[in-house]
Amino acid sequence: MRITRVAAAFAAAGVVLTGCSSEAGNQAEQAASAAPTVATDTEFAAGTTMAELSEAGKIRVGTKFDQPGFGLLNPQGVPEGFDASVAAIIAGKLGIEPEGITWVETVSANRESAITEDRVDMVVATYTINDKRKQLIDFAGPYYEAGQDIMVAKGNPLAITGPDALAGKNVCSVEGSTPAENIRTKYPEAKLTLFDVYSKCADALTNGQVDAVTTDNVILTGLVAGNPDGFELVGEPFTEEPYGIGITKGDDEFRDFINDTLEESFEDGSWAAAWDATAGAISGTEAPEPPSVDRY
């Protein structure tokens, strides 16, 4: 399928407006339906993060800038995708307009430091919840559950069928990511090449520098959609990756607020609409059942 951009007003709020050219009208309708509602009657307890952000009318959101379907920078300098859309839903609940969001690029290796060094108010960036990261930050969510998979050259010339077949192969992932750590610790016979962003892994696969790319299946699906003649997905996920929203450790009120907002979006259809207009538009898949929020 040829991927084309569809003009829609909600692009500024961070929605991916890409898909099959024959479905452009449907894509535009989906984007419009996914536009977040901006609350006009916000009222929060004084001194809370919610009150401070709502009163300022601004929020700093860390996200990826190179991942089609979840966080991809558009020509206007605004990230588009499911992560950006989820962030916009939360901002809207705070009464913050899309133009009040400052998007901060957070690659996998600097997500925790972006939070602990107060460069962002929250991180929504295909961010797997795990115990190691919980030592430094807190998570709301999850809002999506992915699984690690493998992307290979079209036709799979090396017959890579799963992680066990990566032994002796050059496989690319991103520094600071759970997929890279999985390969390093569980499949040490693979030859791991690390970059800071996945687009560089895709380039390395194209030029033959690596034999495969591994990360979460939804990220790889976006890369395949961008180059369907060059890449394909093995299609055998071998981990579970719950995506959470990273915030300052100990800010329980903000975490509860985000969890409440996520659960409301699951129920009112705004989460599914965001999926359909972004990652769903690229992958051709309907919104899955939302995960259960973990209020640890």
Of the conditions (1) assigned to a helix (DSSP H, G or I); (2) surrounded by 23 or more Cβ atoms within 10 Å (Cβ to Cβ), the single one that residue 120 does not satisfy is (1)
Residue 250 passes all but one of (1) outside any strand (DSSP E or B); (2) without any contact (Cβ under 8 Å) to a residue 40 or more places away in the chain; which number fails? (2)
I'd like to check something: does the range 216-224 contain any residue that is closer than 30 Å to residue 49 by Cβ, of a type outside the set (Asp, Glu) and either touching a helix residue (DSSP H, G or I) at 6+ places or on another chain (Cβ under 8 Å) or surrounded by fewer than 22 Cβ atoms within 10 Å (Cβ to Cβ) (or both)? yes
Regarding residue 267, is this residue assigned to a helix (DSSP H, G or I), more than 19 Å from the chain's Cα centre (by Cα) and either at pLDDT 95 or above or not small (Gly, Ala, Ser) (or both)? yes
State yes or no: is residue 214 assigned by TED's automatic domain parsing to the domain that holds residue 116 and touching a residue at least 60 places away in the same chain (Cβ under 8 Å)? no
Mind checking which pairs have a first residue in the range 78-91 that is free of Cβ contacts under 8 Å to residues at least 60 places away in the same chain and not assigned by TED's automatic domain parsing to the domain that holds residue 260 and a second that is in a helix (DSSP H, G or I) and not acidic (Asp, Glu), Cβ under 8 Å, 6 or more apart or different chains? none
What number of residues within the range 68-107 are farther than 20 Å from residue 272 by Cβ, in contact with a Pro (Cβ under 9 Å, 6 or more places away or on another chain) and surrounded by 24 or more Cβ atoms within 10 Å (Cβ to Cβ)? 1
Find the residue count for the range 39-58, including only residues that are among the hydroxyl-bearing types (Ser, Thr, Tyr), within 17 Å of residue 250 (Cβ to Cβ) and over 26 Å from the mean Cα position of the chain (by Cα). 1
For the range 99-107, state whether one or more residues are in a strand (DSSP E or B) and of a type in the set (Ser, Thr, Tyr). yes
What about residue 102, is it assigned by TED's automatic domain parsing to the domain that holds residue 65, farther than 18 Å from residue 234 by Cβ and in contact with a Ser or Thr (Cβ under 8 Å, 6 or more places away or on another chain)? no
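The values are calculated or read from the model by the stated rules, or taken from the named source; none is laboratory data. In this text, all values refer to a predicted model and were calculated from it rather than measured experimentally. Ideal geometry is used to build each Cβ from the backbone, glycine not excepted, and the neighbour counts take in all protein chains shown.
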